[in-house]
Amino acid sequence: MAAYAIIGFGCAGYHALKAIRDTDYSCTVDIYSEHTDSPYNPMLTTYYASNRLRYEGMFPFGTLENIGLSFHAQIHSGVKVTKLDAEAHEITLSDGSVKAYDGIVLATGARSFTPPIINECPEACVSMRTLDDARDLRNRMEKGGISRAVVIGASMAGIKVVEVLHNNGIPTTLADMAPHIFPLAAYAETASRIEENLCAQGIALKFGAGLKAIRKGTDTAAIVECSDGSLLPADLVGLCIGTRAATELAVSAGLKVNRGIVVSPSMKTSVPGIYAAGDCCEGLDIQSGQSQIIGLWANAAYQGYTAGMSMCKGSRTFDGNILHNITHFLGMDFIGFGDNRITGTRLTYENKEKGLWIEAVRHDTGLAGINILGSYRISGILKNHFLEIIRGQTHAISHMQRGVLKKEGLSEDFILQLEGGNHAD
């Protein structure tokens, strides 16, 4: 009887377990997680922190107990794996015990990243990645005493923390060294429209200056010192600068690692019998053809299932994904597809009556990227259109999809532009 281990139990780990059981119900499966929580989506943690999501709603797959029973797996929660011997397929636990397996999936995820700066008051700082982070922020909000806040990092996580603070009546400044909000996803004019809306709601913005230090305050708990010399007083500092793949086990075991663990389309690492999935590993960006980290829930699910099935000798590969973001915040919907660094012909469209704004870039092979403000309902159609172009398939949007786009406020002329027509904006 085969024995398998999954290290880390988030979205990727859960789907690896599901694939194992879909392929082989007689094997034994051990799951090791440093945390005691059931798998949850990190992007929903702010909803829990702001009381918009019940605690039970954080866990789409149920409790650890129910998962263990349903999939006949031993879940070792609150247990840290300290060493991986990749060649021997052995792991060492924090108590010193050593376990051997026929195959191992690394699904260790990612962690919040803060650059090495002077921080004189870490007690005033919060991150937003884990459920523990959400509990921390929620407790601070309930305790009160926050007269103003600064959030560092104009990311999808950062804006959600801003939303929580703003909705609780706390004057908040969003700061980033980037020139505008969502620098990895938004085009300049789309970002400008988002920023105008935020300012209209009373949120202060500071871009183009990095985080230099966090000093002890006088009238407030802390003072954020920026690289341009400006000072931002705050009782709470949200650190949402970014994440880093949790690759420590892989690195120490000698696996090939770039920014994340390098895997094949079947999620095999550089050592036979060791697989990786989710935010700890890289994947194929099918737009660029390059291997890179794609930190998306759906991506983790696909990779996890592929890893579990491949480990059990199933025939499965995952072709990759594109960079995309869909988020709702402070009354706005933002959707972004593709690499916003690619230049080309800029296309814009606005329907004020529908509250819709679209900014896109088209180059010689088709669309390079799309930003949408105001209508999440068209995102699926435009994403599929984008994927067809990347895969070298038709550039035409079907009659039915065309009807939906028009109903949501797009004009026939702009649809033709998205397809590659010659109409000028």
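The values are calculated or read from the model by the stated rules, or taken from the named source; none is laboratory data. Given the structure is predicted, the values throughout are model-derived calculations rather than measurements. As a convention, Cβ positions derive from the backbone with ideal geometry for all residues, glycine included, and neighbour counts pool all protein chains shown. Accessible surface areas use protein heavy atoms only, side chains included; no ligands, DNA or RNA. Shrake-Rupley method; radii C 1.70, N 1.55, O 1.52, S 1.80 Å.
So here's what we get for this one:
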| read-out | value |
| --- | --- |
| Residue in segment 71-89 that is assigned to a strand (DSSP E or B) and either without any contact (Cβ under 8 Å) to a residue 40 or more places away in the chain or under 30 Å from LYS143 (Cα atoms) (or both) present | yes |
| Hits in segment 312-332 - residues which are out of contact with any helix residue (DSSP H, G or I) (no Cβ under 7 Å at 6 or more places or on another chain) and open to solvent by less than 50 Å² (accessible area, probe 1.4 Å) | GLY320, LEU323 |
| Strands (runs of 3 or more DSSP E) completely within segment 152-242 that count 1 or more residues being over 18 Å from the mean Cα position of the chain (by Cα) and buried (at least 19 other Cβ atoms within 10 Å of the Cβ) | 172-176, 211-216, 222-226, 231-234, 236-239 |
| Filter pass, THR28 being in contact with a helix residue (DSSP H, G or I) (Cβ under 9 Å, 6 or more places away or on another chain), in contact (Cβ under 8 Å) with a residue 40 or more places away in the chain and polar (S, T, N, Q) | no |
| Near pairs, Cβ below 7 angstrom, 6+ apart or cross-chain, from segment 312-339 (within 23 Å of LEU356 (Cβ to Cβ)) to any residue that is open to solvent by less than 20 Å² (accessible area, probe 1.4 Å) and basic (Lys, Arg) | PHE329/LYS160 |
| Yes/no for THR36 being within 20 Å of ARG111 (Cα to Cα), of a type in the set (Ser, Thr, Tyr), open to solvent by 30 Å² or more (accessible area, probe 1.4 Å) and touching a residue at least 40 places away in the same chain (Cβ under 8 Å) | yes |
| In segment 243-257, the residues that are under 30 Å from HIS166 (Cβ atoms) and either polar (S, T, N, Q) or more than 14 Å from the chain's Cα centre (by Cα) (or both) | THR243 |
| Selection from segment 36-73 of residues that are more than 18 Å from the chain's Cα centre (by Cα) and modelled with pLDDT under 90 | SER50, ASN51, ARG52 |
| Criterion violated by ILE194 - all others in (1) under 25 Å from MET141 (Cβ atoms); (2) touching a Cys at 6+ places or on another chain (Cβ under 7 Å); (3) hydrophobic (A, V, I, L, M, F, W, C) satisfied | (2) |
| Single residue of segment 255-265 satisfying the filter (open to solvent by 20 Å² or more (accessible area, probe 1.4 Å) and in contact with a strand residue (DSSP E or B) (Cβ under 9 Å, 6 or more places away or on another chain)) that is farthest from ILE286 (Cα to Cα) | VAL257 |
| Candidates ALA157, ALA188, filtered to the one that is among the aliphatic types (A, V, I, L, M), modelled with pLDDT of 95 or more and under 25 Å from LEU373 (Cα atoms) | ALA188 |
| From the options ILE20, ILE6, ILE31, residue that is at pLDDT 95 or above, closer than 17 Å to MET311 by Cα and either outside any strand (DSSP E or B) or open to solvent by 30 Å² or more (accessible area, probe 1.4 Å) (or both) | ILE20 |
| Members of segment 49-64 found to be under 10 Å from VAL164 (Cβ atoms), out of contact with any Leu (no Cβ under 6 Å at 6 or more places or on another chain) and in contact (Cβ under 8 Å) with a residue 24 or more places away in the chain, listed by number | SER50, ASN51 |
| ASP136, sole failed condition from (1) touching a residue at least 12 places away in the same chain (Cβ under 8 Å); (2) in contact with a strand residue (DSSP E or B) (Cβ under 8 Å, 6 or more places away or on another chain) | (1) |
| Selection within segment 342-359 - surrounded by 13 or more Cβ atoms within 10 Å (Cβ to Cβ) and of a type in the set (D, E, K, R) | ARG346, GLU350, LYS354, GLU359 |
| Filtered residues of segment 26-71 (kept if aliphatic (A, V, I, L, M) and touching a Lys or Arg at 6+ places or on another chain (Cβ under 6 Å)) | ALA49 |
| Candidates ARG138, ARG111, ARG129 - the one that is part of a helix (DSSP H, G or I), at pLDDT below 95 and surrounded by 14 or more Cβ atoms within 10 Å (Cβ to Cβ) | ARG138 |
| Positions within segment 278-298 being modelled with pLDDT of 95 or more and in contact with a strand residue (DSSP E or B) (Cβ under 6 Å, 6 or more places away or on another chain), in sequence order | ASP279, CYS280, CYS281, GLU282 |
| Some residue of segment 361-372 being surrounded by fewer than 18 Cβ atoms within 10 Å (Cβ to Cβ), under 22 Å from the mean Cα position of the chain (by Cα) and not in a loop (DSSP other than H, G, I, E, B) | no |
| Filter pass, LYS406 being open to solvent by 60 Å² or more (accessible area, probe 1.4 Å) and outside any strand (DSSP E or B) | yes |
| Scan of segment 267-304 for residues that are open to solvent by 40 Å² or more (accessible area, probe 1.4 Å) and assigned to a helix (DSSP H, G or I), ordered by number | TRP297, ALA298, TYR302 |
